[in-house]
1. Tell me which residues, restricted to the stretch B:97-130, are more than 10 Å from chain A (Cβ to nearest Cβ) and in contact with a Lys or Arg (Cβ under 6 Å, 6 or more places away or on another chain).
2. Restricting to the stretch A:140-154, count the residues that are basic (Lys, Arg) and surrounded by 18 or more Cβ atoms within 10 Å (Cβ to Cβ).
3. Identify the residue in the stretch A:277-321 that is surrounded by fewer than 23 Cβ atoms within 10 Å (Cβ to Cβ) and of a type in the set (D, E, K, R) and, among all such residues, is farthest from A:Glu203 (Cα to Cα).
4. Taking the conditions exactly as written (open to solvent by 30 Å² or more (accessible area, probe 1.4 Å), aliphatic (A, V, I, L, M) and more than 8 Å from chain A (Cβ to nearest Cβ)), does B:Leu27 satisfy them or not?
5. Pairs please, first residue from the stretch B:52-71 and facing chain A (nearest Cβ under 7 Å), second anywhere and of a type in the set (Lys, Arg) and not in a loop (DSSP other than H, G, I, E, B), Cβ atoms under 6 Å, 6+ apart in sequence or on different chains.
6. Of everything in the stretch A:309-345, what is in contact (Cβ under 8 Å) with a residue 60 or more places away in the chain and in contact with a Ser or Thr (Cβ under 7 Å, 6 or more places away or on another chain)? Give them in sequence order.
7. Which number in (1) surrounded by fewer than 22 Cβ atoms within 10 Å (Cβ to Cβ); (2) not in a loop (DSSP other than H, G, I, E, B) marks the one condition that A:Arg228 misses?
8. If I filter the stretch A:234-246 for residues that are touching a Cys at 6+ places or on another chain (Cβ under 8 Å), within 24 Å of A:Asp174 (Cβ to Cβ), open to solvent by less than 20 Å² (accessible area, probe 1.4 Å) and within 14 Å of another protein chain (Cβ to nearest Cβ), do I get at least one hit?
Protein chains: 2
Amino acid sequence: MNPAFSCPLPKLDFSEIQLGHGSGGMLMQKLLEPVFGLFSHPALAEQHDGAIVSTAGRIAITTDSFVVSPLFFPGGDIGTLAVHGTVNDLAMCGARPRYLALGLILEEGLPIAELWKVLCSIRQAANDCSVAIVTGDTKVVERGKGDRIFLHTTGVGDLHPEAAISARRMEVGDRILLNGPVGDHGVAILSVREGLSFESAIESDTAPLHRTVLRLLDRFGTQIHFLRDATRGGVATVLAEAAQQGGKGIEVEEALIPVGEEVGSACELLGLDPLYVACEGRFVAVVAPEIAEEALLEIQQSGWPQAAAIGWVAGEHPGKTLLRSAIGGRRPLPLLPGEQLPRIC
Amino acid sequence: MNPAFSCPLPKLDFSEIQLGHGSGGMLMQKLLEPVFGLFSHPALAEQHDGAIVSTAGRIAITTDSFVVSPLFFPGGDIGTLAVHGTVNDLAMCGARPRYLALGLILEEGLPIAELWKVLCSIRQAANDCSVAIVTGDTKVVERGKGDRIFLHTTGVGDLHPEAAISARRMEVGDRILLNGPVGDHGVAILSVREGLSFESAIESDTAPLHRTVLRLLDRFGTQIHFLRDATRGGVATVLAEAAQQGGKGIEVEEALIPVGEEVGSACELLGLDPLYVACEGRFVAVVAPEIAEEALLEIQQSGWPQAAAIGWVAGEHPGKTLLRSAIGGRRPLPLLPGEQLPRIC
C-alpha cells in the first residue's frame, strides 16, 4: 500500500445506493462525479460513451466478471481481485496491460462506504499495475436481485513483440514452472465464509504477474511456449486444460508443487485437494528445456523466491496430465470434476 | 433475421444452470463447448484467457452491463440490446466496431434453453453488425443472488481517421439532428413489465447505428462535432449532458422531435415525458451548419426516413438545454432528475 495514497469518502447527500443511481440522470451524475475524480484520466474526463486510446496495433483483450463472496477477505477484496485477474489474463496472453474498462452492477441499498472502499482498492491496484481505468458503466438492480457488488473488468494490452503463447506450442521435454505455493486464495475465502480460524491468518495470494511475465518474454521470447494463471479449478485444472488443448501429455511431481504449511493443514481439515484450490497470483509457464533453469531463476528473482520446476511435457498419454506421487505412482489429474467452492472470484 | 441462421439447442445432460457451471472445471467446459461453437472465431478456439487481435492502433474501448428486466421484450432481448448498445457506443466515439468481449453472470437454476436463446440473439446481432465475439467469461451465483442473466459487453473498434467527436467541439450555430422517433424502447419494456397492451404492440427501437455514423464520418469528417445515443434518460438527458460537457447552450423545438403516435398516447396514459424515455437505436448528431442539410439526408437515406433536425447550439445560456414549445415558450430540459424506469437496459 502506497503510504501517500489517500481515498477519503466523498461527501454525498445519500449513504446507500438507490435505483436512481442507475438511471443515467442527475442522481447517477452525483454518484459518478467523485468516481471520475478517483480514476482521473483524460479519456474518462471526456465523459463519453467510450475511451479513445492508442495501442501497438496487435493487442490482447480479456474480460472477467467478479462475483466473489465475501467482498472483503484477508489479503484483498473484489476490487484488487478484479484488477489483478484482468492484468494477469493479459500477461498470460503475452501482453503488457495498458487499459481497463470497469462495469459495476450494484444492489439497491449497498452502503456507499462499501462501494467507495472497493473503488479505492481498484484505483490502488490499477496504479500499482500501471494500468489506466479509461471507461466504465454502472447499473443498479433491486434489493434481492444482485449481491451488493458485481464487477466486470475488461483489459486491453499491447502484445509483446516476441510473444507466441499457445498450448499448441508445447513440445515434449518442455519444463513446467510454477511461481509459488498453491491454494492460498481459496482457503482464505473459505475461512472467512465458514468462520474458520487458523493459527495465523491465511491471506489470499492475489497479485499481479505481468512484470514477471514481461521479464520472461524480454529475455526468452518465443522459448516461452505457454502461460496460464491457476485461478478457478486450481493448478491441476490449468495443467489438465493445457494437456487437452495442446494435445500433449504432462507429468508433474507432487513433491515439487509447493503448498504452504497452514494451507496444507487447512485443506486436510476441510477435505480439499490443494491442487484444485483456486489461486489468484500463481501461474504455470511451459518453457523450452534449454532455458528452464535460467527462466526459473528469473521468476525467483522477480519476487517469487518459492518458484519451482514441477514437471515436464511427456512423450506419452497425449491430452492427459498425470501426477507422480512421492513413492513413484502415477494418477491422472483431470479437470475439476464438479464444483469445489462457488464464487471464489 | 437471416433465414439461413439456425441455432438449435445443444444436447446437454443438464437443463438448468448449476453452481458448478461457474467452477472453471469439467461442468463449465461442458456448458461452454457449444458456446465456443456458436461464436466460432480463431481467438476463441485458442481457449486462452484472452484474445489476440489486430487493430488500427488508435482504438475506442467501451463497456456496458446489461440488467434489463424482462430479458425478452417486443423487438429484442437482453442479447440484441447488449450487442447494439456496445456497437453504438463505439460508433458514438467515431469508431468502427470490430471486437466484443462477453461476460455472463448467470443465476443458479436458469433454464439452459433461456440462456441459449440469448446467446443465439447475441450471435445473430454480432453477425449483423460484423463484429466478432473474441473472448468471454462465465460466472454463476446462487439462486436469489442474481436475476437470471446479467451480461457485460466490452467493445473495441478502430477509430475512424477523420473522427473528432467531443461535446467541446460544438459551436454556436451547429445543428442538432436526431435519427428517428423517441421513447419506443422504454415504452416497450414498460408495457411488458406492467402487462399493458396497446392497439398495436410497441416494439423496442434497439438497432445498430454504426453504419449510419460511418457514412457521416466518411463524407463529412471533422464537421461532425458530437454524437451520442439517447439511452438511459432519453434524448432530453443526452442533450442536457452535451450542453453541460460542451459548455454551450442548446435549444430544441418540441414540435420537431418525432414521437410515434402509439408511444405518445402510451406516455400520456402513463404520465411519462417521451423525451426522457430511453431509446436503444436513436442518436443525436451535432454538425456544422453548412453540412446540416446534406447530413440529414445521409441519415435519412441510411435507413432512418424519419430523421429530423430538431434544434441548434445557441449563443446564450451556456451549459443549459432549453425546449421551445409550439407556442414559443422556452423551458429548461435538465438531466433526468430521479429514476424513471429501472432496469431498462
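1. Those that are more than 10 Å from chain A (Cβ to nearest Cβ) and in contact with a Lys or Arg (Cβ under 6 Å, 6 or more places away or on another chain): B:Gly109, B:Leu110.
2. 2
3. A:Glu316
4. Spelling it out, it is not the case that B:Leu27 is open to solvent by 30 Å² or more (accessible area, probe 1.4 Å), aliphatic (A, V, I, L, M) and more than 8 Å from chain A (Cβ to nearest Cβ).
5. Note: pairs meeting the criteria are B:Ser54/A:Arg58; B:Ser65/A:Lys139; B:Val67/A:Lys139.
6. Within the stretch A:309-345, A:Leu333, A:Leu335, A:Leu336, A:Gln340, A:Arg343, A:Cys345 qualify.
7. Just one mismatch for A:Arg228, condition (1).
8. Yes, the stretch A:234-246 contains at least one residue that is touching a Cys at 6+ places or on another chain (Cβ under 8 Å), within 24 Å of A:Asp174 (Cβ to Cβ), open to solvent by less than 20 Å² (accessible area, probe 1.4 Å) and within 14 Å of another protein chain (Cβ to nearest Cβ).
The values are calculated or read from the model by the stated rules, or taken from the named source; none is laboratory data. Note that the coordinates shown come from a computational prediction; the quantities given were computed from them, not determined experimentally. Cβ sites come from the backbone with ideal geometry, for glycine too, and all protein chains shown count toward neighbours. Each accessible area value is taken on the protein alone, full model and side chains, heavy atoms only, with ligands, DNA and RNA left out. Shrake-Rupley method; radii C 1.70, N 1.55, O 1.52, S 1.80 Å.
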